Every structure is written in structure tokens, then in C-alpha cells.
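Right, one structure below, let's go through it.
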Amino acid sequence: MLNLKEHIPEKKNKILNSTVIFYTLLAAILLCAMSFVQKIIAGYNPFVLKAYYIPLIFGSVAGFLIGSYLKKLKLTAIVLQENILIQHMMMENLPAGIIIVDPGTRVIEDVNKAAALMYGSHKEAIIGHQCHSYICPAEKGLCPICDLNQEIDNSEREMICSDGSRRPILKSVKRIQIQGKDKLLECFIDITEIKKTKKSLIESEKQFQDLFNSITDLIYTQDLQGHFITVNPATHRIFGYDKDDFLGRKIAEFMEPDRQSGLTTRYLDVIRQQGHHEGKGCYLTKTGEKIYLEYKSSLVKPDDGEPYISGMARDVTEKIISEKKVKNLQEQVAQSQKMEAIGTLAGGIAHDFNNILFPIMGHTQMLMKDVDENSSIKTSLDKIYAGAIRASDLVRQILTFSRQESNQLKPMKIQPVIKEVLKLIRSTIPTTIEIKSDIQADCNSIKADPTQIHQIIMNLTTNAYHAMEEIGGELNVNLKQVELSESDIVSSDMVSGKYACLTITDTGNGMDKELTQKIFDPFFTTKERGKGTGMGLSVVHGIVTGMQGKIMVDSEPGKGTKFHVYMPIAKTIEKQQRTNTEESIQGGTEHIFLVDDEKDIIEMEKEVLERLGYKVTSCSSSLETLEIFRAAPDRFDLVITDMQMPNMSGDKLSAELTKICPDIPILLCTGFSNIMSEEKATSLGINGFLLKPIVMKDLSRKIRDVLDKK
């Protein structure tokens, strides 16, 4: 390649120097010629000889001036030629394609190397052809410069290459003057790769947008003040807002009012200090429904923009609810296991305690019959008997809360019992406590023991009264019928169906979570000494559970306490059993075979029965009893046997006795048994079932019922 900087100045100096010398010599020759002519004419005249130098001087000056002028002209021409050459070299070596077009004929007059390379051939294949044969063929007749008289055209067009393929170009066309003639200078670049890159970017952006829109997790960006800048469709769909309603708001605006204070500040402070923040939160949808989100936000610091917060969140509402259900189930299982363990212990205690109480009550009753009504001893005996009855009730309560004592359940309306209890407590609690009730009359019957229902309401209302005793307040008692579906049931051990829901609410001080977890434990109480035994709620819990119901408590410190008691609605209505009226103690003359391994009990029972006129044979061994009975079964009219005895239990003894004499009536007594109930005793052919301690009236009536049926 020609190096203009080296060769052009050297050539230029040679040409200029030659020109000056040439014209100087020419001027000298002319002067010499003039000098000889003058000498001939003047005949060597001295004046003429002097005049000979004058032309010589003027000739030299003239020659120098002429040479300098010509030198300047030549220099200008060379500079012009140099500029043209430089421009041509620049045009030739530019990476952009350049063509020169005659606007009149639209013929291409010149092209550079880049244009030929884009076309895919050499210059000669392009020069001489019309421009629209190669560039923007679709625009033939609509050239912005030639046809539409525009001065400049900057646009995106196509080039038809030598192989017929089309190549996108970005071109610029402008009118110029070359040697006084109008020409079109067209400059263009190949934008094939740019178009591919642009297409890839568009496709990539579309893929990203599709991904952004299809992700079910929440994606968001926020400014450094916590306002949402962008959110994906999942975000405003989960919250229930339109996109435009969501943007510009802060996350705290979607939380409960008591949780909003200071949240945004704490959230942003952590992100600024640590660069990220993650956690879980409870939020509200547009409809007010609670949702739980697990989120992670990070601070983004781009090189050429303002910092912002980017984050993702996941809806974990079902997970949180499931975890709460699992936790509740675990608590229920723990409570059930605890109650079962206590119940097992209670059952053992109950058996021994009832066996101790039975002789006390029996002997006391006999003494009460023997003494005069006005005797001071009678008063003492009454107190002893009352104490024994209270002790018996306490054992019954222990068995009830541990669900080891069954009561006869029958369909009953709960409304009259509630009204009766409210009337009773109204006269006993201070007027500083207001009682309100909403008892729905259309609540159907439940299957329960009326005495136990009375006990439930009395215990719960008494607890509410004690909670408000000092400060006063409001006691609300509500009853309504509800229908719970599978998703509505409040406990895993409940079944879907209709329930009578009894709600008792107080406005007292309330309880924390730790206390609410213990309130159904036996002997646990928050009351002052002497105001409660701690058995009330445990008994209520046992009664409700025995009815296949559920009792729930809702309480917070300073917000009072609310008990919900769910009791299944009875499916069928049975006839109410008539209440037994007070009956006198009846006796008889039949022969009774009395069996019990407790010496004190058997002695007391024998004396009681003999006082009633019966003939009694007693035995403390079940095996010995079997042998005596086998020897003379016709001697006896009735067998009364204890349940738990060594060698052979009462139910097995009864089975053996009926084998010997199928018609023999049998009464089975027990202080406690977790394997025997009245229903099971009946199924075994046993005629009666009694729980110790047994009062004389109940024992005499049961004996007469069995014997009279015989």
C-alpha cells in the first residue's frame, strides 16, 4: 500500500525545484539573446554595453517571479491531487459500504471495497448498474432523494447480494457536489448481526416475561422507601388486587393495623445494614382473608442505576395451617395421654377408696336408724354420712373426668337447664356482674345426663363469676345449633354433623397460653385457697368428652375468657324416663348368698341385710363360694358378689354359678372396674350392677327389683 506521508512530499519538492531552475535558465537565455542583438545594432557602443546589464537584471527578476508563480500554481495542484488521493484512500478503507450514484441516471459510478465485499463480488460487477438493482429494490420509483426530493435519507433497507440473498443494511444518502456536478453519496453498514442480536433480545425478553408471569411464587421489586415498583401476576392475584392498585404501596399496608407500626422501618434498616432480609409474615387480602408468606428480599446495586430491592415470596398458608393443626393434634395427644395416665391412677384409687367408704357409709346408716332423731349423736352421724357422700362424689368426679365412669345418656332439651342455672346464679352473684343470654329455642335435643349438663353449666358460670368477682363485668351465655363440615370441625376426635354449641364468656382478666393448657388438669386452680378444688373444669372436660363432644377455651390476658362446648345433637328422640320418687327402704325374707373378699364390707353388708329381714350366708373366697353353691344351689334366692376378687373375679364366678343353676339371680358390685359396665353385665346374664359405695336405700331397692322379677 502507498505511504502518502513518505512519497508525496519528496515528489513534490523535486517537481518544484525543477520548475524554478527551468524558468531561471530560460530567462537567462532570453537575456543573452537580447544582449547580442543589441551589440550588433549598436556596434559595441559603451552605452549599449551598459544597457546590456539592465535587461539581464530585469530578465532574471522576471524569470524568478514567473518561476515562483508557476511554482505556487503547481503546488496548489499537487495539494489538490493529494487531498483527492487521501479521500479516495479513506473511502476505500472505511468498513462501511460507500457508493457514488448519478442522480439523473441512478447509475452507480464508484464503490468502495467494503460495498463490494457486502455484495459478494468485485467493483466492476457493480459499477455501471442502477442503484435500485442492489439497494432497496422494493423502493424502485419511490427513492426519497430522486423521486421524493428529500435532501437526506436515513433508513433501514435491504441489499440484494450476488447470490440473490438479501442482507439488511442501515444506510444514509446525501446530495453532494463532485467537480461541480450533483452526485449521491450513499453510505451503509451491514446490520445482519444487529438484527439477529435484536431478535435474540426480543425472544429472550419474551421468555423472561413469560417466566415472570407464569411463576406461582411472588416476585417483586421495591424502591429504598419500600414502595412496590414491579410485581408479577402471582403477587396481585394472591392478594386480590389489580396490578395498578398494588404498585406504589408498602407491604405494611397489607397487614393488620396493630402490626403495621414500624414494620417498614425495621424491614428497610435490616436490608440497608445486611444487604438482605428474610422471614415469614401474616398479611390480608383484599377480602380480608389472612395469608402467610415466606419471603427473602435483597438489596441490588446496579453499576449504572439507582439501588433497589428485589425479592421473592411463597404462599405458605396451607403449610402454616397444617403445622398449627399438627401442633394442636400433638397437644391433644399429650393431653389425652396425660388424662389417660391420671385416669388409670384414679381408677386404682377409686376402687380402694370406695371399698373404704362403703363400710363407713353402711355402719353410719345403721347407727342413724338406731339412735333417736333428737339425739346429739344423730347430728354427728348425719355429718359423718354427709362427709362420706361428699367423698363418694369426689371419687365419682375423678372417674368422670378420666372417662372411666359411664352415665346413662338420654335425649334432653338443654334450654330449661340453662335457664334454671342462670336463675340460680343470678341470686348468688353480685349486681356488678351483668348476665346476658341468647338461648335459641330451635336448638334440638342432645343425648346427655341432665345432672351432668347442670354440672357443666354451673361450673363454667361459676368460673366466669370468680374471674370478675372483684372488678365486675359481663357474663354472656349463648346457645345455638351449628352444623360442622369436615373442614369446620375444631378437633380431630370430632366428627362432622350437627352440634349444640354452648358459649360462656366473661370479661375478666383472661389467661395466658400457659394457663389455658393446664386448666383441664385435675386439682389445678388459679383461685384462692378455699374457693375451689381444681376439679370443676376437669370434670366438665370428662363429661363433655364422654358425650363425644368437645370443649374449647379461648383466652388472652386482659381480654377475658370464652368457653365453647360442642355437644352432638341426638339423632332420635326417645321417651324421657320418669324420675324415681323417694321410696322407703324395703326388706324381705329370702336367702341371700353374699360374696366379697373385703372382711369389713362383708360384715357390714351382712348386718344391713339381716336388719332388712333377709337370711344371709357370707363368704370371702370365690372358690369356696363355688363349692358351697354347687353343694346346695336351691338354698339361695340371690347371689351378691364383688367384681374384683383373688383367684376368680366376680363375672367369672357368676358364669360358673349360672352353669350350675341358670335361674339364680346375681347382683354384681364393684368399687371400680375398667372392664365391666352395666351393659356388659347384662349381656353376661347378670341381673344387676351396683357401684360402691352403695347406700342402704339403693341396695334394698335393687334387691327387691331383682327378686320381684323372679
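The values are calculated or read from the model by the stated rules, or taken from the named source; none is laboratory data. Note that the structure is predicted; figures quoted are calculated from it, not measured. Note that each Cβ is placed from the backbone with ideal geometry, even for glycine, and that neighbours are counted across all protein chains shown. In case anyone asks, the SASA skips ligands and DNA or RNA and just uses the protein heavy atoms, side chains included. Shrake-Rupley method; radii C 1.70, N 1.55, O 1.52, S 1.80 Å.
Answer yes if at least one residue in region 316-324 is among the polar types (S, T, N, Q), without any contact (Cβ under 8 Å) to a residue 40 or more places away in the chain and open to solvent by less than 50 Å² (accessible area, probe 1.4 Å), and no otherwise.
yes
Please go through region 615-635 and pick out each residue that is part of a helix (DSSP H, G or I) and either surrounded by 13 or more Cβ atoms within 10 Å (Cβ to Cβ) or of a type in the set (A, V, I, L, M, F, W, C) (or both).
Answer for region 615-635, where residues must be part of a helix (DSSP H, G or I) and either surrounded by 13 or more Cβ atoms within 10 Å (Cβ to Cβ) or of a type in the set (A, V, I, L, M, F, W, C) (or both): 622, 623, 625, 626, 628, 629, 630, 631, 633.
Residue check: is residue 425 in contact with a helix residue (DSSP H, G or I) (Cβ under 6 Å, 6 or more places away or on another chain) and of a type outside the set (Gly, Ala, Ser)?
Yes: the conditions hold for residue 425.
Touching a Pro at 6+ places or on another chain (Cβ under 7 Å) and either open to solvent by less than 40 Å² (accessible area, probe 1.4 Å) or polar (S, T, N, Q) (or both), is that true of residue 446?
yes
Quick check: anything in region 211-220 under 23 Å from residue 300 (Cα atoms), without any contact (Cβ under 8 Å) to a residue 60 or more places away in the chain, open to solvent by less than 40 Å² (accessible area, probe 1.4 Å) and not β-branched (Val, Ile, Thr)?
yes
Go through (1) on the phi > 0 side of the Ramachandran plot; (2) free of Cβ contacts under 8 Å to residues at least 24 places away in the same chain and name the single condition residue 275 misses.
Result: residue 275 passes all but (2).
Which of the residues that make up region 262-290 are of a type in the set (A, V, I, L, M, F, W, C) and more than 16 Å from residue 249 (Cβ to Cβ)?
270, 271, 282
Checking residue 480 against (1) surrounded by 20 or more Cβ atoms within 10 Å (Cβ to Cβ); (2) modelled with pLDDT of 90 or more, which single condition isn't satisfied?
For residue 480, the exception is condition (1).
Of all residues in region 95-131, which are surrounded by 18 or more Cβ atoms within 10 Å (Cβ to Cβ) and closer than 16 Å to residue 163 by Cα?
Listed by number, the residues that qualify are 115, 116, 118, 119, 126.
Okay, residues lined up against (1) surrounded by 17 or more Cβ atoms within 10 Å (Cβ to Cβ); (2) free of Cβ contacts under 8 Å to residues at least 24 places away in the same chain; (3) part of a helix (DSSP H, G or I):
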| position | (1), (2), (3) |
| --- | --- |
| 659 | no, yes, yes |
| 662 | no, yes, no |
| 667 | yes, no, no |
| 681 | yes, no, yes |
| 689 | yes, yes, no |
| 701 | no, no, yes |
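Within region 238-265, work out how many residues are in a helix (DSSP H, G or I) and among the acidic types (Asp, Glu).
Going through region 238-265 one residue at a time, the tally reaches 4.
In this structure, does residue 200 turn out to be within 30 Å of residue 158 (Cβ to Cβ), modelled with pLDDT under 90 and either of a type in the set (A, V, I, L, M, F, W, C) or out of contact with any Pro (no Cβ under 7 Å at 6 or more places or on another chain) (or both)?
yes
Look at region 483-510 and say how many of its residues are open to solvent by less than 30 Å² (accessible area, probe 1.4 Å), in a loop (DSSP other than H, G, I, E, B) and more than 19 Å from residue 546 (Cβ to Cβ).
2
Assess whether residue 337 counts as being at pLDDT below 80, exposed (fewer than 13 other Cβ atoms within 10 Å of the Cβ) and in a loop (DSSP other than H, G, I, E, B).
No; evaluated as a whole, the condition is false for this residue.
Do the conditions hold for residue 275, that is, is it closer than 18 Å to residue 239 by Cβ and either at pLDDT 85 or above or surrounded by 14 or more Cβ atoms within 10 Å (Cβ to Cβ) (or both)?
Here the answer is no, as residue 275 does not meet what is asked.
Tally the residues that are open to solvent by less than 50 Å² (accessible area, probe 1.4 Å) and either outside any strand (DSSP E or B) or among the small types (Gly, Ala, Ser) (or both), restricting the search to region 148-163.
Residues meeting the conditions: 2.
Considering region 280-294 alone, what residues qualify as being in contact with a Phe, Trp or Tyr (Cβ under 6 Å, 6 or more places away or on another chain), open to solvent by less than 50 Å² (accessible area, probe 1.4 Å) and part of a loop (DSSP other than H, G, I, E, B)?
Answer for region 280-294, where residues must be in contact with a Phe, Trp or Tyr (Cβ under 6 Å, 6 or more places away or on another chain), open to solvent by less than 50 Å² (accessible area, probe 1.4 Å) and part of a loop (DSSP other than H, G, I, E, B): just 285.
Would you check if residue 381 is touching a helix residue (DSSP H, G or I) at 6+ places or on another chain (Cβ under 7 Å) and either of a type in the set (Val, Ile, Thr) or assigned to a helix (DSSP H, G or I) (or both)?
Yes, satisfied.
Let me confirm something: among 425, 398, 435, which residue is closer than 28 Å to residue 545 by Cα and either more than 52 Å from the chain's Cα centre (by Cα) or modelled with pLDDT of 85 or more (or both)?
435
Considering each of 221, 230, 235 in turn, give the residue that is under 15 Å from residue 312 (Cα atoms) and in a helix (DSSP H, G or I).
Answer to the check: 235.
So that you can scan it fast, the table gives a plain yes or no per residue for (1) open to solvent by less than 80 Å² (accessible area, probe 1.4 Å); (2) assigned to a helix (DSSP H, G or I); (3) without any contact (Cβ under 8 Å) to a residue 60 or more places away in the chain; (4) among the acidic types (Asp, Glu):
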residue	(1), (2), (3), (4)
167	yes, no, yes, no
172	yes, no, yes, no
184	yes, no, no, no
204	yes, yes, yes, no
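Which of the following residues is within 30 Å of residue 366 (Cβ to Cβ), modelled with pLDDT of 90 or more and not hydroxyl-bearing (Ser, Thr, Tyr): 565, 639?
Of the residues listed, the single one that is within 30 Å of residue 366 (Cβ to Cβ), modelled with pLDDT of 90 or more and not hydroxyl-bearing (Ser, Thr, Tyr) is 639.
Sort through 536, 542, 530 and tell me the only one that's touching a Lys or Arg at 6+ places or on another chain (Cβ under 9 Å) and either closer than 17 Å to residue 458 by Cβ or modelled with pLDDT under 90 (or both).
That would be 542, the only listed residue that is touching a Lys or Arg at 6+ places or on another chain (Cβ under 9 Å) and either closer than 17 Å to residue 458 by Cβ or modelled with pLDDT under 90 (or both).
For region 643-699, which residues satisfy the criterion of being under 59 Å from the mean Cα position of the chain (by Cα), among the hydrophobic types (A, V, I, L, M, F, W, C) and within 20 Å of residue 361 (Cα to Cα)?
643, 668, 669, 672, 689, 690, 691, 694
Looking at the structure I just gave you, is residue 330 out of contact with any Pro (no Cβ under 8 Å at 6 or more places or on another chain), modelled with pLDDT under 90 and not charged (D, E, K, R)?
Yes: the conditions hold for residue 330.
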